[in-house]
Amino acid sequence: MENQNQNQNNNMNIRKKSHRRDGGNIFIIIFAALFVALIVRSFTGTMTAPQLLPDGTSAPAPVELTFSDILNRADEIKTMDVRGNDASGTLTDGTPYTATITYDPEMLGKIAENGATISLDASKTWVDYLGTWVPILMGLFFIWWIFRGFRGGASGLTRSLAQQNPTKITTGKPKTTFKDVAGIDSEKQELMEIVDFLRDGKKFRDVGARVPRGILLSGEPGTGKTLLARAIAGEANVPFFAASGSDFSGIIVGLGVAKIKEIFDMAKRNAPCILFIDEIDAIGQRRSTASYNDQDREQTLNQLLIEMDGFSNDTGIIVIGATNRADMLDPALLRPGRFDRQVYIELPDLAGRREILDLYAKKVKVSDDVNLQDLARGTTGFSGADLENLLNEAALHAVRNGRKEITSVDVEEARDKILMGPRKVRKMRPEDIKLTAYHEAGHAFVSIMYADITDPIHKATIIPRGRALGMVQHLPIDDKVSMTIAEVRANLAISLAGRASEEVFFGADKITTGAESDIAMATRLARYSITTAGLSEKVGLAAIKQVNNFGTRSALENASEKTAELVDAEVKAWLDAAHADATKLLSKNKETVRKLAEELLARETLTGDEIRAIVNGKNAAKKAPKKSTAKKVKKHAAK
Ligand code: ADP
Ligand code: ZN
């Protein structure tokens, strides 16, 4: 039971992009740790566990040999077990011996040459130290290598990791041109200069013009920032490199720095070109706390700044950053020579939406009965991506229903699905359906009564969708920026007409909770008009509700208790007046409203034209004239 105004949809949930790749980095860490562990194990393994043991012949007390004896009798030695400077073993005749030796590989080689079995128990030799320390040192070196980037350098492993784990760099000369971008002409115009520069940088340099380096495109998701960046490259016929800011943050410190270097290197080799960094807020966030992660991000941001500062005037690289949170960016990013040019891309206005719809309608088969202008009117708050998606949904719906082209039915279905959620298959009791029909008929009828000052009615339906049991939609003629007080009053009456109709036809004891969202919307509108827009004579021109930095204060915080009471009373008075207004209109025209409701029950959905025909066709009800409304409003306000 929504009395839904399309203007209220600006804060639709819009998809959010995210391509974090931390998973990959974790693998690298694990891999590195395993690798280190393996090295350590294999070294200590061979060194501390001698595989060649002296045969344990129990023999008489060993003879004591000097070092020179060993050297001289090398050919007599059968086994030798070396522990540090001590050697022991047996001679070829079986005599055990011990000796103190100076470690000398040449000597050992000589003995081994004669067929002796030499066993090195490394635990006491320098080999031991080698065995223990080499793996540790190598491990430390390895870790140092990985974390080198931490101190700003990013060569060695970090770099090769960056290469193995490359930023999703999209390259190539895009075929996209400005023709593929619709509805944002002024932005295109602004960016045309960049295209000129990329095409003929010399012209700019000859004049001594400071050429742009970085452009920041900001705007809601889906407004075409990526598309526009590609189109610039396409227009200028230069390569396009794209990466996302979220690719630069990860577990391995220094990887971001390495990746920044990598993409800038690539860009430099391919200049002139466009280097596009989406979601730049992921690296360019205002520097704040000194947490581990922030430190890494700061390194990455610094590297980005260094790279951009390092451009000479003729580098020919244009860096385009995109964000929907320009307010969160570190001011350092926005300084001259960096992203010093900001282009804000707004959600498309009515004309823009029409252009975008026209563009995409050319790519699908659209039946003649689809009115794209109406569709543009009914999609306030939609981004370019949403509009493209809408036509795509409509095409899918058409195919599912065996149609060869998109009809207005498909478009309506797609739009309602995006706005309100999919149709609900909800078992409703017949009496509930009947009540819903009369409720919606009430909204519809009062809408027609105020047709001259409010948005024309688009349709009424009793098909449940999302949380709504039914709804009446209006289509604004144009994107609205303000309302007259008469319009506010009329809208209040239209909103409360659903409940009023329940009362008129079923009695005050049969009213339902179905008017919940109508009442919420009406209260919001009345309160806004009174506390913010200064439309109430009683309360006056004071802004009672003010935005504050903390967002915690209540709406009436900067009002005295007396004013707060006055506001509450005014809100109630406005709502009561609107309700009375609607009730009066409905009870005077019961037959017409009944007809509307019965038609709704029979057909579930009525278009605006059908509703107008029913209301105006049969014993044309008296319209609420503009003058009397205005008078009523005045009178009421003066009460
Ligand atoms: P953003 O980068 O701002 O999030 P995208 O450029 O990725 O938005 O837009 C997503 C898609 O939506 C585009 O590829 C394009 O198909 C469509 N789109 C968005 N804005 C427009 C526009 N102004 N004109 C034509 N298509 C658009
Ligand atoms: Zn309602």
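No lab work stands behind these numbers, since they all come straight from the coordinates. As the structure is a prediction and not an experimental result, all values here were calculated from the model. Methodologically, a virtual Cβ is constructed for each residue, glycine included, from the backbone with ideal geometry; neighbour enumeration extends over all protein chains shown.
In terms of surrounding Cβ atoms within a 10 Å radius of their Cβ, ASP479, ASP185 rank from fewest to most as ASP185, ASP479. Among the GluC sites (Glu not before Pro) found in the stretch 583-618, not one is both in a DSSP coil and sparsely packed, with 11 or fewer other Cβ atoms within 10 Å of its Cβ. Here's how it looks for THR79: its modeled amide H is under 5 Å from those of THR90, THR117, which are all 5 or more places away or on a different chain. Annotation for the stretch 387-419: trypsin sites (Lys or Arg not before Pro) lying in DSSP loop with at most 15 further Cβ atoms inside 10 Å of their Cβ are ARG403, LYS404.
Toward the positive end of the charge dipole of the stretch 194-240, with +1 on the Cβ of Lys and Arg and -1 on the Cβ of Asp and Glu, the farthest Cα among GLY208, PRO221, ASN237 is that of GLY208.
Think of each Lys and Arg Cβ as +1 and each Asp and Glu Cβ as -1; about the Cα centre, that makes the dipole of the stretch 393-454 roughly 420 debye. Available extension along the chain between TYR528 and ASP206 is 110.2 nm, counting 0.36 nm per residue and deducting the alpha carbon span.
Applying 1/(1 + (r/R0)^6) with r as the Cβ-Cβ distance of LYS365 and ASP185 and R0 = 41 angstrom yields a FRET efficiency of 0.90. The simple Förster model, with R0 at 30 Å and r as the Cβ-Cβ distance, assigns LYS480 and ILE306 a FRET efficiency of 0.05.
Which of LYS175/LYS203; LYS562/LYS584; LYS365/LYS417 have a Cα-Cα distance over 29 Å?
Pairs exceeding the cut-off: LYS562/LYS584.
Per residue, the average separation of C-alpha pairs within less than 8 Å and at least 6 apart gives the stretch 288-401 a relative contact order of 23 percent. About the centre of its Cα atoms, the stretch 290-404 shows a dipole size close to 680 debye [charges on the beta carbon of Lys, Arg (+1) and Asp, Glu (-1) only; nearest 20 debye]. Between the beta carbons of ILE136 and THR66, assuming R0 = 41 Å, the FRET efficiency works out to 0.65 to the nearest 0.05. Reachable aspartates and glutamates from LYS590, Cα under 16 Å, same-chain residues fewer than 8 places away excluded? Cα-Cα hits under 16 Å: GLU440, GLU502, GLU503, ASP581, GLU598, GLU599.
By the count of other C-beta atoms within 10 Å, a proxy for reagent exposure, GLU76, GLU413 are ordered fewest to most as GLU76, GLU413.
Bridgeable aspartates and glutamates around LYS202 (alpha carbons under 14 Å apart, same-chain partners fewer than 8 residues away excluded): GLU193, ASP314. In terms of other Cβ atoms within 10 Å, LYS202, LYS590 run from fewest to most in the order LYS202, LYS590. Count Lys and Arg as plus one, Asp and Glu as minus one, and take only other residues whose Cβ is under 10 Å from that of ILE511; the net charge is then -1.
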